[in-house]
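Take a look at the structure below.
The values are calculated or read from the model by the stated rules, or taken from the named source; none is laboratory data. Predicted, not measured: the structure shown is a model, and the values here were computed from it. Cβ placement follows ideal geometry from the backbone for every residue including glycine, while neighbour counts extend to all protein chains displayed. Ligands, DNA and RNA are excluded from the accessible area calculation, which covers all protein heavy atoms including side chains. Shrake-Rupley method; radii C 1.70, N 1.55, O 1.52, S 1.80 Å.
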Amino acid sequence: MAHALALLASASRREALLDWLDRQSLALAGFPLLVSGELAAALSSDPRTAQLQVTALAALADGGDIQVAAEVLAGAVDLVVAFLDPTAPAGTPPDAGLLIRACDLAAVPLALNAATAELALRGLSHGRSAYLLFNPVAGQGDANADLALIRSILEPQLRVTVLLTRAGIDPADQCRELVELLQARPADEAGNAMIVACGGDGTVSAVAGAVAGTGIPLGVLPRGTANAFASALFIPTDLVAACETILAGHTHVVDAARCNDVPMTLLAGVGFEAGMVDRATRELKTMLGPLAYVLAGAQQLASQQPFQARVEIDGTVTEVQAAAITVANVAPATSVLAQGFGRVIPDDGLLEVTIASPATRLQGLNALASLLTSAVVQSPANHPDLLCLRARRITITTDPPQRLVIDGEMVEADPVTFTCLPGALTVFAPLPPP
């Protein structure tokens, strides 16, 4: 049990421990807590501490302090916080002599009051490292204020190292250099490190592509316009809540993908989507925010021309006339062109492919409306101009060659082969809603 903390308190000191836990609740959010039975009941009923990860042991009268000592000796505990009554007779549970002996044998810190507990927690927390790749030009907020806020929340529990993205340098290259350094460390040090991407979907996708397949957990702090990756995994777009999601420690293993040799985290679009993204310039996004994509989409709909596409899946070839082809790995409901199946499943080991082949602009509008409805009700679209597929690997060739957008970045490629990489990413994310 990594980084587990054991909590005990005499009856007269229980309220003091609860007050300390309230002050340290954010710093403790990612730690499993072993507590005695009566303390577990108090924690679950107190709104200040109900969100903590608690494992209840026996009540003190039934040997809860003995169980803690056993866990300490078994190497399952990194810190014992025991608020004891100094006037209690020797041997009164929680037994000070028992705890001191067990902690001494296992070389585990024992904190007996708020001051020593806070110092011990800081030392334990700073054994975990977060490398924050921060894009200062993303979003519309004050970058300096946002970075200061992020550090103020993460640093009580994590040792944060900030790496600013730089103009002209691909953040994926920065992240790959960091990954190489982390993988060169001893296993116990590398295992305590995470990489956190802070910026828009371009930054997040670049970092995720570099982290995919390494086993290094990824945190996401969205500061962009669409924040599609965060939305798809229910990561809050509020910075404070997003930081708390990382500290809470819940992870979701999701797929990644590659388009030819280019990492893909979200989705790729051929035809309509590529044109829409190309029209949504940074200046337009700065001025209009998410509405920039709506305006760009309306402009692209008026000018989009159909094209011939050859689609090969597992040796089976299909020829279609299309206006848009979307291949999605992770995508929220707002990525309407990816919603042929009603939702994109991020951890099924497959890519969702939606092919729109309307003959007229009116049919195109009807197909878009069908996809929008499909996203709202989360059921497959039923429209004659939509073809929906799921595949592990797919190759697309277009005539004439079409523009291609991968995770918001325009690239040149024809043909293109998409390959799913099942379970390649471990992302800090809240539990999905039922």
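Yes/no matrix, rows are residues, columns are (1) in a loop (DSSP other than H, G, I, E, B); (2) in contact with a strand residue (DSSP E or B) (Cβ under 6 Å, 6 or more places away or on another chain); (3) open to solvent by 50 Å² or more (accessible area, probe 1.4 Å):
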residue: V68; (1), (2), (3): no, yes, no
residue: V72; (1), (2), (3): no, no, no
residue: G75; (1), (2), (3): yes, no, yes
residue: D85; (1), (2), (3): yes, no, no
residue: P93; (1), (2), (3): yes, no, yes
residue: A102; (1), (2), (3): no, no, no
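Name the residues in segment 207-227 that are under 17 Å from L182 (Cβ atoms) and among the hydrophobic types (A, V, I, L, M, F, W, C), would you? Answer for segment 207-227, where residues must be under 17 Å from L182 (Cβ atoms) and among the hydrophobic types (A, V, I, L, M, F, W, C): V207, A208, A210, V211, A212, I216, L218.
Do we have A257 as modelled with pLDDT of 90 or more and among the small types (G, A, S) here? In short, yes.
The sole residue among A96, A82 that is among the small types (G, A, S) and farther than 30 Å from L247 by Cα is A96. Here segment 168-189 is the region considered, the condition is being free of Cβ contacts under 8 Å to residues at least 12 places away in the same chain and of a type in the set (A, V, I, L, M), and the residue that is farthest from F134 (Cα to Cα) is A187. Among residues that are farther than 15 Å from A331 by Cα, out of contact with any Pro (no Cβ under 9 Å at 6 or more places or on another chain) and surrounded by 22 or more Cβ atoms within 10 Å (Cβ to Cβ), L267 is not included. When segment 242-261 is examined, which residues are found to be without any contact (Cβ under 8 Å) to a residue 60 or more places away in the chain and open to solvent by 30 Å² or more (accessible area, probe 1.4 Å)? Listed by number, the list holds a single entry, D261.
Scanning segment 134-146 for residues that are open to solvent by less than 30 Å² (accessible area, probe 1.4 Å) and either farther than 18 Å from A167 by Cα or in contact with a Cys (Cβ under 6 Å, 6 or more places away or on another chain) (or both) yields one hit, F134.
Determine whether segment 156-163 contains at least one residue that is within 21 Å of the chain's Cα centre (by Cα) and surrounded by fewer than 15 Cβ atoms within 10 Å (Cβ to Cβ). The answer is yes; a qualifying residue exists. Taken over segment 130-147, the criterion of being in contact with a Gly (Cβ under 6 Å, 6 or more places away or on another chain) and modelled with pLDDT of 85 or more is satisfied by N135 alone.
Restricting attention to segment 391-403, the residues being within 20 Å of V317 (Cβ to Cβ) and crowded, with 18+ Cβ neighbours inside 10 Å number 5.
Is it the case that G123 is assigned to a helix (DSSP H, G or I), of a type in the set (G, A, S) and surrounded by fewer than 22 Cβ atoms within 10 Å (Cβ to Cβ)?
yes
The one condition from (1) farther than 24 Å from G123 by Cβ; (2) in a loop (DSSP other than H, G, I, E, B); (3) at pLDDT below 90 that T237 does not meet is (3). Of all residues in segment 330-356, none that is over 19 Å from R258 (Cα atoms) and at pLDDT 90 or above has its Cβ atom under 7 Å from the Cβ atom of a residue that is among the β-branched types (V, I, T) and open to solvent by less than 10 Å² (accessible area, probe 1.4 Å), 6 or more apart or on another chain. Among residues of segment 382-410 that are touching a residue at least 12 places away in the same chain (Cβ under 8 Å) and under 13 Å from V327 (Cβ atoms), those with a beta-carbon under 8 Å from a residue that is assigned to a strand (DSSP E or B) and among the acidic types (D, E) at least six positions away or on a different chain give the pairs C388/E352; L389/E352; R390/E352; I394/E312; T395/E312; I396/E312. Selection of first residues in segment 416-434 that are under 29 Å from R403 (Cβ atoms) and of second residues that are part of a loop (DSSP other than H, G, I, E, B) and among the polar types (S, T, N, Q), restricted to Cβ pairs under 8 Å at least 6 apart or on distinct chains, gives the following pairs, ordered by first then second residue: V416/N260; T417/N260; C420/N329; L425/T265. In segment 1-32, the qualifying residues are those that are at pLDDT 90 or above and not in a helix (DSSP H, G or I), and the one that is nearest to T245 (Cα to Cα) is L5. Among the residues of segment 38-70, how many are over 25 Å from R23 (Cβ atoms), out of contact with any Cys (no Cβ under 9 Å at 6 or more places or on another chain) and of a type outside the set (S, T, N, Q)? Number satisfying all stated conditions: 7. In segment 221-232, the residue that is nearest to Q174 (Cα to Cα) out of those that are touching a strand residue (DSSP E or B) at 6+ places or on another chain (Cβ under 6 Å) and either open to solvent by less than 10 Å² (accessible area, probe 1.4 Å) or part of a helix (DSSP H, G or I) (or both) is L221.
In the set A197, A208, A143, A167, only one residue is over 17 Å from the mean Cα position of the chain (by Cα), under 22 Å from S231 (Cβ atoms) and of a type outside the set (F, W, Y); that residue is A143.
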